[in-house]
Amino acid sequence: MVTVRQPDATEARRYISRLADVLLDCVAGGASVSFMADLTKSAAEAFFLKCVDGVERGERILLAAFESDELVGTVQVITATPPNQPHRADIAKLLVRRSARGQGIAARLMENAEEASRKAGKTLLVLDTVTGESAERLYLRMGWTKAGIIPNYAMFPDGRWCATTIFWKSLL
Ligand SMILES: CC(C)(COP(=O)(O)OP(=O)(O)OC[C@H]1O[C@@H](n2cnc3c(N)ncnc32)[C@H](O)[C@@H]1OP(=O)(O)O)[C@@H](O)C(=O)NCCC(=O)NCCS
């Protein structure tokens with residue numbers, strides 16, 4: 001039984017270690033999610049602490065998926081946008097630990113992210129994801145539109161180059 005929570009900053013700070021473990025697991029699995037293979041637990045925790053500071057400032061929404069008591073996945077909505085894009089938000093760091101994949105947890109997180117975005121007054125969502133990986137199929141299934149591909153945009157944790165696909169979705 002999976003539940004998705006939108007913790008406030010105080011609650012989210014209690015999850016920092018477990019959020020870091022999900023990120024470490026994804027990077028160990030070869031996911032290109034900003035970090036290289038030498039990512040440490042303390043660097044992963046520092047990343048999420050910064051994110052939670054953003055939650056406190058009202059600049060980000062953080063969602064966490066739990067299977068029983070285990071934190072198995074997370075996603076963020078970055079709501080802080082320039083003054084001429086108040087209707088827009090970015091989706092970032094959709095992460096599900098390897099042992100929990102293939103049962104719709106990412107889809108649940110994305111449904112909840114869309115709902116939270118709507119509540120925050122957002123009508124246009126944008127994200128980028130590694131070209132050719134399973135997340136692309138997920139976004140296409142969930143009604144996102146592919147805007148294009150940028151070659152050699154980032155690296156996999158082992159240093160190989162990867163392209164990124166930019167997606168958008170209107171919530172209108
Ligand atoms: C991409 C990612 C978030 C997907 O997480 P997930 O929870 O496994 O995603 P879902 O379960 O919703 O969908 C994955 C697959 O399981 C299938 N699935 C979902 N529920 C299912 C069920 N109950 N029974 C069988 N299959 C199921 C989906 O159809 C999908 O199939 P596909 O890969 O052939 O398209 C996860 O692989 C991940 O964390 N990857 C590393 C980080 C990453 O790349 N993040 C995206 C960055 S933008």
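The values are calculated or read from the model by the stated rules, or taken from the named source; none is laboratory data. Fair warning: this is a prediction, and the values are worked out from it, not measured in the lab. With ideal geometry, Cβ positions are generated from the backbone for all residues, glycine too; neighbour counts draw on all protein chains shown. The protein model used for the area step is the full one, side chains on, heavy atoms only, and it has no ligands, DNA or RNA in it. Shrake-Rupley method; radii C 1.70, N 1.55, O 1.52, S 1.80 Å.
Tabulated values for the structure
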quantity	calculated
Solvent-accessible ranking of 98, 13, largest area first, probe 1.4 Å	98, 13
Long-range HN-HN contacts of residue 153 with modeled amide H, under 5 Å	162, 163, 164
From phi via Karplus (6.51, -1.76, 1.60), per-residue ³J(HN,Hα) for the range 47-61 in Hz, x at Gly/Pro	4, 6, 4, 5, 4, 5, 4, x, 4, 4, 7, x, 9, 9, 10
Charge tally in the Cβ shell below 15 Å around residue 155, where Lys, Arg are +1 and Asp, Glu are -1, residue 155 excluded	-3
Check: the chain dipole with +1 on Lys, Arg Cβ and -1 on Asp, Glu Cβ, in debye	360
Spatially close lysines, pair count over the chain: Cα under 25 Å, gap of eight or more or interchain	14
Relative contact order computed over the range 2-170 (Cα-Cα under 8 Å; 6+ residues apart), in percent	22
Carbon + sulfur, % of accessible area of the chain - ligands and nucleic acids excluded, 1.4 Å	51
Amide proton proximity set for residue 171, modelled H, under 5 Å, gap of 5+	124, 125
In Å, descending, principal axis extents of the Cα set of the chain	38, 37, 32
Farthest toward positive dipole pole in the range 68-115 [+1 Lys/Arg, -1 Asp/Glu at C-beta], among 96, 113, 81	96
Formal net charge of residues neighbouring residue 101 (Cβ-Cβ distance under 13 Å; K, R +1; D, E -1)	+1
Where the chain is the region considered: accessible area per residue in Å², 1.4 Å probe	50
MRE, 222 nm, helices only [DSSP H, n ≥ 4, -39500 (n - 2.57), over the chain, to nearest 500]	-10500 deg cm²/dmol
